[in-house]
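Q: Just passing along the structure, written as structure tokens.
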Amino acid sequence: MAEIRVNPTRMEMKSYQKRYQTARRGHKLLKDKRDELMRQFLDVVREDKALRERVESALQEVYGGFTVAGAVSNPKMLQEALIYPKKEGSLEVDSRNLMSVNVPVFHLHIHAEGNSDHYNYGMAFTSGELDSALRALNGILEDLLRMAELEKTAQLLAEEIERTRRRVNALEYILMPQYLQIIRSIRMKLDENDRGNTTRLMKVKDMMLQAQLEQNAKADEEEDPA
């Protein structure tokens with residue numbers, strides 16, 4: 001730890017004592033923030049894990065349906081069936097404050113032509129597996145967006161946790177011990193100065209007492225020359 005030179009005065013000691021108390025309060029607040037961030041982070045991770053398992057299971061069904069549909073249908077016909085979408089979607093990205101971290105919030109708006117189903121093709125020349133795959137894919141769209149929102153939130157929270165952890169460690173292991181060392185150093189110097197002043201006062205008192213004794217002895221000799 002680098003040594004900091006300060007003036008060993010009582011005013012300087014009081015200044016560093018105030019800094020130490022401020023650092024202690026900041027350390028406690030940052031620790032509380034770190035703990036709450038960790039709690040929020042774990043909640044997000046647990047929700048994301050459950051959602052991911054559900055989405056991956058649904059995607060397996062979707063991929064399986066598209067694979068079967070591609071096997072039993074003409075590839076060109078399959079491409080023509082899917083080339084023109086019946087629905088359009090717009091994504092609105094908002095944010096909310098979570099423990100001083102701005103995390104994303106996604107809002108999906110679907111605009112459909114005609115009826116609200118998700119089939120953009122006729123039923124005559126397509127397979128039922130394609131219908132099932134599109135139905136399953138349409139059912140997990142909200143979950144996919146929610147999962148993206150959660151994973152970005154987890155990333156931002158992890159970065160904030162790391163920053164907060166570094167600040168806590170800097171206060172706990174660098175700044176606060178440094179302030180305590182400076183306060184102890186100033187106190188030792190002041191005590192040393194007090195002891196020096198006391199010693200000088202005692203010496204001056206002894207010298208004055210000695211001078212008084214010598215003066216009294218001289219006065220006695222002058223009064224009694226014999």
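Q: Considering (1) open to solvent by less than 90 Å² (accessible area, probe 1.4 Å); (2) acidic (Asp, Glu); (3) over 42 Å from the mean Cα position of the chain (by Cα), say which one GLU222 fails and leave the rest.
A: (1)
Q: Starting from the range 187-204, keep only residues that are assigned to a helix (DSSP H, G or I), then list their pairs with residues that are modelled with pLDDT under 85 and surrounded by 10 or more Cβ atoms within 10 Å (Cβ to Cβ) whose Cβ atoms are within a distance under 7 Å, requiring at least 6 positions of separation or different chains.
A: Close Cβ pairs (under 7 Å, with a partner that is modelled with pLDDT under 85 and surrounded by 10 or more Cβ atoms within 10 Å (Cβ to Cβ)) amount to LYS189/PRO8; LEU190/PRO8.
Q: Given the options GLU61, GLU12, name the one that is over 20 Å from the mean Cα position of the chain (by Cα), touching a residue at least 24 places away in the same chain (Cβ under 8 Å) and open to solvent by 100 Å² or more (accessible area, probe 1.4 Å).
A: Just one listed residue meets the conditions, GLU61.
Q: Is there any pair linking a residue in the range 86-109 that is open to solvent by 70 Å² or more (accessible area, probe 1.4 Å) to one that is assigned to a strand (DSSP E or B) and among the hydroxyl-bearing types (Ser, Thr, Tyr), with Cβ under 7 Å and at least six apart or on different chains, and which?
A: ASN102/SER95; HIS109/SER90
Q: Right, next: Go through the residues of the range 191-200 one by one and say whether even a single one is in contact with a helix residue (DSSP H, G or I) (Cβ under 8 Å, 6 or more places away or on another chain) and either on the phi < 0 side of the Ramachandran plot or polar (S, T, N, Q) (or both).
A: No, because not a single residue in the range 191-200 is in contact with a helix residue (DSSP H, G or I) (Cβ under 8 Å, 6 or more places away or on another chain) and either on the phi < 0 side of the Ramachandran plot or polar (S, T, N, Q) (or both).
Q: Consider LEU141 carefully, then state whether it is within 30 Å of ASP43 (Cα to Cα), surrounded by 12 or more Cβ atoms within 10 Å (Cβ to Cβ), of a type outside the set (D, E, K, R) and at pLDDT 80 or above.
A: So LEU141 fits the description; yes.
Q: Can you name the condition, by its number, that MET202 falls short on among (1) open to solvent by less than 40 Å² (accessible area, probe 1.4 Å); (2) more than 30 Å from ILE110 (Cα to Cα)?
A: Here MET202 meets the rest and fails (1).
Q: Within the range 34-45, identify whether any single residue is buried (at least 16 other Cβ atoms within 10 Å of the Cβ), acidic (Asp, Glu) and more than 14 Å from the chain's Cα centre (by Cα), and answer yes or no.
A: No, there is no match, as no residue in the range 34-45 is buried (at least 16 other Cβ atoms within 10 Å of the Cβ), acidic (Asp, Glu) and more than 14 Å from the chain's Cα centre (by Cα).
Q: Suppose we filter the range 144-186 for residues that are farther than 30 Å from GLY89 by Cα, touching a residue at least 12 places away in the same chain (Cβ under 8 Å) and either β-branched (Val, Ile, Thr) or open to solvent by less than 50 Å² (accessible area, probe 1.4 Å) (or both); how many remain?
A: 14
Q: Check whether at least one residue in the range 50-65 is of a type in the set (Ser, Thr, Tyr) and in contact with a Lys or Arg (Cβ under 9 Å, 6 or more places away or on another chain), and report yes or no.
A: no
Q: Continuing with the same structure: In the range 83-104, what residues are at pLDDT below 75, out of contact with any strand residue (DSSP E or B) (no Cβ under 7 Å at 6 or more places or on another chain) and closer than 29 Å to LYS152 by Cβ?
A: Answer for the range 83-104, where residues must be at pLDDT below 75, out of contact with any strand residue (DSSP E or B) (no Cβ under 7 Å at 6 or more places or on another chain) and closer than 29 Å to LYS152 by Cβ: just PRO85.
Q: Any chance you could count how many residues in the range 6-21 are within 17 Å of LEU175 (Cβ to Cβ) and either part of a loop (DSSP other than H, G, I, E, B) or at pLDDT below 80 (or both)?
A: 1
The values are calculated or read from the model by the stated rules, or taken from the named source; none is laboratory data. Source: prediction; values computed, not measured. Reconstructed Cβ throughout: ideal geometry from the backbone, glycine too, with neighbour counts over all protein chains shown. Each accessible area value is taken on the protein alone, full model and side chains, heavy atoms only, with ligands, DNA and RNA left out. Shrake-Rupley method; radii C 1.70, N 1.55, O 1.52, S 1.80 Å.
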